[in-house]
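Note sheet for the following structure.
The values are calculated or read from the model by the stated rules, or taken from the named source; none is laboratory data. Everything numeric in this text was worked out from a predicted model, so none of it was measured. Neighbour counts run over all protein chains shown; Cβ positions are idealised from the backbone, glycine included. Surface accessibility is based on the protein's heavy atoms, side chains included, excluding ligands, DNA and RNA. Shrake-Rupley method; radii C 1.70, N 1.55, O 1.52, S 1.80 Å.
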Amino acid sequence: MDRRASAPRFPRVALFDLDGTLLDSAPDMVVTANRMLAARDRPPVGLALLRQHVSKGARAMVAAAFPELDEAGRDALVPEFLATYRQELGRHSALFDDVAAMLQALEDDGARWGIITNKAEYLARDVVAGLEWQRRCAVLVGGDTYAEKKPHPLPLLEAARSLGVDPGECVYVGDDERDVVAARAAGMPSIAVTWGYRLDGDDPQAWRADAMAYRPGELLDPAAWPRRPGG
(Lines give C-alpha, C1' and ligand atoms only; values in the text may rest on other atoms or scores of the structure.)
Protein backbone atom coordinates (compact mmCIF):
# COMPACT_ATOMS: atom_id res chain seq x y z
CA MET A 1 0.00 0.00 0.00
CA ASP A 2 1.29 3.48 -0.89
CA ARG A 3 1.63 5.27 2.44
CA ARG A 4 1.40 8.62 0.70
CA ALA A 5 -2.06 7.74 -0.64
CA SER A 6 -3.39 7.16 2.89
CA ALA A 7 -1.76 10.23 4.43
CA PRO A 8 -3.90 13.30 5.10
CA ARG A 9 -3.83 15.80 2.27
CA PHE A 10 -4.54 19.50 2.23
CA PRO A 11 -7.90 20.67 0.87
CA ARG A 12 -7.93 21.07 -2.88
CA VAL A 13 -8.50 24.84 -2.50
CA ALA A 14 -7.41 27.01 0.41
CA LEU A 15 -8.74 30.57 0.49
CA PHE A 16 -7.32 33.20 2.81
CA ASP A 17 -8.05 36.60 4.21
CA LEU A 18 -5.02 38.84 3.67
CA ASP A 19 -4.34 41.38 6.42
CA GLY A 20 -3.87 39.67 9.78
CA THR A 21 -3.96 36.20 8.26
CA LEU A 22 -1.17 35.97 5.70
CA LEU A 23 0.36 39.41 6.05
CA ASP A 24 1.25 41.55 9.06
CA SER A 25 0.35 44.81 7.35
CA ALA A 26 -0.29 46.84 10.49
CA PRO A 27 3.10 48.62 10.31
CA ASP A 28 2.24 50.03 6.87
CA MET A 29 -1.03 51.39 8.20
CA VAL A 30 0.54 52.87 11.32
CA VAL A 31 3.08 54.75 9.20
CA THR A 32 0.19 55.96 7.03
CA ALA A 33 -1.79 57.26 9.99
CA ASN A 34 1.26 58.92 11.49
CA ARG A 35 2.07 60.69 8.23
CA MET A 36 -1.42 62.16 8.31
CA LEU A 37 -1.06 63.17 11.94
CA ALA A 38 2.35 64.75 11.35
CA ALA A 39 0.90 66.80 8.49
CA ARG A 40 -1.47 68.28 11.07
CA ASP A 41 1.25 68.85 13.69
CA ARG A 42 -0.16 66.14 15.91
CA PRO A 43 1.81 63.49 17.82
CA PRO A 44 2.08 59.97 16.42
CA VAL A 45 0.09 56.99 17.61
CA GLY A 46 1.59 53.63 18.46
CA LEU A 47 1.24 50.23 16.87
CA ALA A 48 -0.59 48.82 19.90
CA LEU A 49 -3.44 51.32 19.51
CA LEU A 50 -3.99 50.89 15.79
CA ARG A 51 -3.16 47.21 15.34
CA GLN A 52 -6.49 45.98 16.68
CA HIS A 53 -8.40 48.06 14.11
CA VAL A 54 -6.54 46.93 10.98
CA SER A 55 -9.03 44.26 9.90
CA LYS A 56 -11.89 46.75 10.13
CA GLY A 57 -10.60 48.84 7.23
CA ALA A 58 -9.59 52.40 6.44
CA ARG A 59 -12.51 54.09 8.19
CA ALA A 60 -11.74 52.27 11.42
CA MET A 61 -8.09 53.23 11.19
CA VAL A 62 -8.97 56.89 10.61
CA ALA A 63 -11.41 56.77 13.53
CA ALA A 64 -8.73 55.37 15.84
CA ALA A 65 -6.16 57.97 14.76
CA PHE A 66 -8.64 60.88 14.85
CA PRO A 67 -11.11 59.93 17.60
CA GLU A 68 -12.48 63.46 17.90
CA LEU A 69 -13.97 63.43 14.39
CA ASP A 70 -17.58 62.63 13.65
CA GLU A 71 -18.56 60.20 10.91
CA ALA A 72 -18.55 62.83 8.19
CA GLY A 73 -15.13 64.06 9.27
CA ARG A 74 -13.71 60.54 9.25
CA ASP A 75 -15.18 59.78 5.84
CA ALA A 76 -13.57 62.95 4.46
CA LEU A 77 -10.13 61.63 5.44
CA VAL A 78 -10.52 58.16 3.95
CA PRO A 79 -9.31 59.10 0.43
CA GLU A 80 -6.19 60.69 1.92
CA PHE A 81 -5.59 57.61 4.05
CA LEU A 82 -5.89 55.28 1.04
CA ALA A 83 -3.64 57.43 -1.15
CA THR A 84 -0.97 57.63 1.56
CA TYR A 85 -1.31 53.95 2.36
CA ARG A 86 -0.69 53.03 -1.26
CA GLN A 87 2.64 54.88 -1.04
CA GLU A 88 3.61 52.86 2.05
CA LEU A 89 2.18 49.56 0.84
CA GLY A 90 4.59 46.71 1.50
CA ARG A 91 7.39 48.93 2.79
CA HIS A 92 7.00 47.95 6.44
CA SER A 93 4.84 44.80 6.40
CA ALA A 94 5.95 41.16 6.43
CA LEU A 95 4.47 37.71 6.13
CA PHE A 96 3.65 36.08 9.43
CA ASP A 97 6.07 33.35 10.47
CA ASP A 98 5.64 30.08 8.54
CA VAL A 99 3.16 31.53 6.04
CA ALA A 100 5.61 31.13 3.16
CA ALA A 101 6.28 27.52 4.14
CA MET A 102 2.57 26.81 4.49
CA LEU A 103 1.75 28.16 1.01
CA GLN A 104 4.62 26.13 -0.44
CA ALA A 105 3.31 23.00 1.31
CA LEU A 106 -0.12 23.55 -0.25
CA GLU A 107 1.42 23.88 -3.70
CA ASP A 108 3.65 20.86 -3.21
CA ASP A 109 0.51 18.85 -2.40
CA GLY A 110 -1.15 19.99 -5.61
CA ALA A 111 -3.59 22.31 -3.87
CA ARG A 112 -4.53 25.75 -5.15
CA TRP A 113 -4.80 28.82 -2.95
CA GLY A 114 -6.27 32.27 -3.26
CA ILE A 115 -7.09 35.45 -1.39
CA ILE A 116 -10.46 36.98 -0.50
CA THR A 117 -10.04 40.30 1.31
CA ASN A 118 -12.16 43.34 2.06
CA LYS A 119 -9.23 45.51 0.99
CA ALA A 120 -9.94 47.35 -2.27
CA GLU A 121 -8.95 45.12 -5.17
CA TYR A 122 -6.40 47.58 -6.61
CA LEU A 123 -4.58 47.65 -3.27
CA ALA A 124 -4.77 43.87 -2.90
CA ARG A 125 -3.28 43.47 -6.37
CA ASP A 126 -0.44 45.80 -5.42
CA VAL A 127 0.26 43.63 -2.37
CA VAL A 128 0.20 40.42 -4.41
CA ALA A 129 2.54 41.95 -6.98
CA GLY A 130 4.92 43.15 -4.28
CA LEU A 131 5.08 39.62 -2.88
CA GLU A 132 5.55 38.18 -6.39
CA TRP A 133 2.47 36.01 -5.96
CA GLN A 134 0.81 36.86 -9.28
CA ARG A 135 1.44 33.41 -10.77
CA ARG A 136 0.85 31.54 -7.53
CA CYS A 137 -2.40 33.08 -6.29
CA ALA A 138 -5.18 31.24 -8.13
CA VAL A 139 -7.89 33.80 -7.37
CA LEU A 140 -7.91 37.28 -5.87
CA VAL A 141 -11.11 38.95 -4.70
CA GLY A 142 -11.16 42.42 -3.18
CA GLY A 143 -13.81 44.19 -1.16
CA ASP A 144 -15.05 46.02 -4.24
CA THR A 145 -14.75 43.19 -6.77
CA TYR A 146 -18.41 42.25 -6.39
CA ALA A 147 -21.53 44.01 -5.15
CA GLU A 148 -21.05 42.55 -1.65
CA LYS A 149 -18.08 41.96 0.62
CA LYS A 150 -17.53 39.83 3.71
CA PRO A 151 -19.45 38.89 5.84
CA HIS A 152 -21.67 38.34 2.81
CA PRO A 153 -20.88 34.96 1.22
CA LEU A 154 -20.87 36.28 -2.36
CA PRO A 155 -17.07 36.82 -2.62
CA LEU A 156 -16.41 33.28 -1.39
CA LEU A 157 -19.03 31.76 -3.67
CA GLU A 158 -17.68 33.64 -6.70
CA ALA A 159 -14.11 32.62 -5.88
CA ALA A 160 -15.13 28.96 -5.78
CA ARG A 161 -17.13 29.35 -8.99
CA SER A 162 -14.19 30.95 -10.79
CA LEU A 163 -12.00 28.01 -9.78
CA GLY A 164 -14.58 25.48 -10.89
CA VAL A 165 -15.05 23.86 -7.48
CA ASP A 166 -17.87 23.40 -5.05
CA PRO A 167 -17.60 25.74 -2.01
CA GLY A 168 -17.49 22.70 0.25
CA GLU A 169 -14.24 21.63 -1.40
CA CYS A 170 -12.57 24.84 -0.20
CA VAL A 171 -11.48 25.98 3.25
CA TYR A 172 -11.53 29.65 4.19
CA VAL A 173 -8.97 30.98 6.69
CA GLY A 174 -9.32 34.34 8.44
CA ASP A 175 -8.71 36.34 11.59
CA ASP A 176 -12.08 38.10 11.89
CA GLU A 177 -15.57 36.93 12.80
CA ARG A 178 -16.92 38.11 9.46
CA ASP A 179 -14.58 35.61 7.76
CA VAL A 180 -16.24 32.76 9.63
CA VAL A 181 -19.74 34.17 9.06
CA ALA A 182 -19.10 34.45 5.32
CA ALA A 183 -17.68 30.93 5.12
CA ARG A 184 -20.60 29.43 7.02
CA ALA A 185 -23.11 31.17 4.75
CA ALA A 186 -21.21 29.94 1.69
CA GLY A 187 -21.19 26.33 2.92
CA MET A 188 -17.41 26.44 3.17
CA PRO A 189 -15.39 24.99 6.10
CA SER A 190 -13.46 27.66 7.99
CA ILE A 191 -10.41 28.13 10.17
CA ALA A 192 -10.24 31.02 12.63
CA VAL A 193 -6.69 32.17 13.31
CA THR A 194 -5.69 34.01 16.45
CA TRP A 195 -2.46 35.79 15.44
CA GLY A 196 -4.20 38.56 13.52
CA TYR A 197 -6.06 41.75 14.35
CA ARG A 198 -9.08 41.89 16.60
CA LEU A 199 -10.58 44.23 19.14
CA ASP A 200 -10.10 43.68 22.85
CA GLY A 201 -12.83 41.37 24.05
CA ASP A 202 -13.29 39.56 20.74
CA ASP A 203 -13.39 35.81 21.41
CA PRO A 204 -12.48 33.70 18.36
CA GLN A 205 -13.90 30.62 20.08
CA ALA A 206 -17.33 32.27 19.95
CA TRP A 207 -17.17 32.59 16.17
CA ARG A 208 -17.82 28.82 15.84
CA ALA A 209 -15.31 28.17 13.09
CA ASP A 210 -14.76 24.56 12.06
CA ALA A 211 -11.18 24.72 13.36
CA MET A 212 -8.84 27.08 15.20
CA ALA A 213 -5.18 27.82 14.59
CA TYR A 214 -2.97 29.62 17.09
CA ARG A 215 0.22 29.75 15.01
CA PRO A 216 0.67 29.68 11.23
CA GLY A 217 2.98 26.69 11.59
CA GLU A 218 0.02 24.57 12.69
CA LEU A 219 -1.35 24.84 9.15
CA LEU A 220 1.69 23.01 7.81
CA ASP A 221 -0.08 19.85 8.99
CA PRO A 222 -2.83 18.72 6.60
CA ALA A 223 -4.68 17.18 9.56
CA ALA A 224 -5.24 20.68 10.98
CA TRP A 225 -7.52 21.56 8.06
CA PRO A 226 -11.24 20.79 8.43
CA ARG A 227 -13.11 18.75 5.86
CA ARG A 228 -16.74 18.70 4.95
CA PRO A 229 -18.44 15.40 5.91
CA GLY A 230 -17.21 12.69 3.61
CA GLY A 231 -14.42 14.91 2.27
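Observations
- Candidates Leu140, Leu49, Leu106: whichever shows maximal mean-square fluctuation once the chain is modelled as a Gaussian network with Cα springs under 10 Å: Leu49
- Taking the stretch 30-96 and dividing mean pair separation by its residue count, relative contact order in percent (alpha carbons under 8 Å, at least six apart): 31
- Net charge, Arg86 excluded, C-beta distance under 14 Å - Lys, Arg +1, Asp, Glu -1: -1
- Here's the picture: charge each Lys and Arg Cβ at +1 and each Asp and Glu Cβ at -1 in the chain, and of Pro167, Gly196, Ala83 the one pushed furthest to the positive end of that dipole is Pro167.
- Translational diffusion coefficient of the stretch 26-88 (Stokes-Einstein, Kirkwood radius from Cα pairs, 10 °C, 1.306 mPa s): 140 µm²/s.
- Helical segments meeting 24 Å axial Cα length and Kyte-Doolittle 0.0 threshold in the chain (DSSP H): none
- Residues in the chain average 47 Å² of solvent-accessible surface per residue, probe 1.4 Å, ligands and nucleic acids excluded.
- Relative contact order [Cα under 8 Å, 6+ residues apart], the chain, whole percent: 24
- Ligands, DNA and RNA left out, the 1.4 Å accessible surface of the chain is 50% carbon and sulfur atoms.
- Share antiparallel - DSSP beta bridges, the chain, percent rounded to 5: 10
- Candidate aspartates and glutamates for bridging to Lys149, where Cα separation is under 20 Å - those fewer than 8 sequence places away on the same chain excluded: Asp17, Asp19, Asp75, Glu121, Asp126, Glu158, Asp166, Asp175, Asp176, Glu177, Asp179
- Across the stretch 77-231, counting alpha-carbon atoms alone, Rg and Dmax equal 15.5, 49 Å.
- The residues neighbouring Pro153, those whose beta-carbon lies less than 13 Å from its own, together hold a net charge of +2 under the Lys/Arg +1, Asp/Glu -1 convention.
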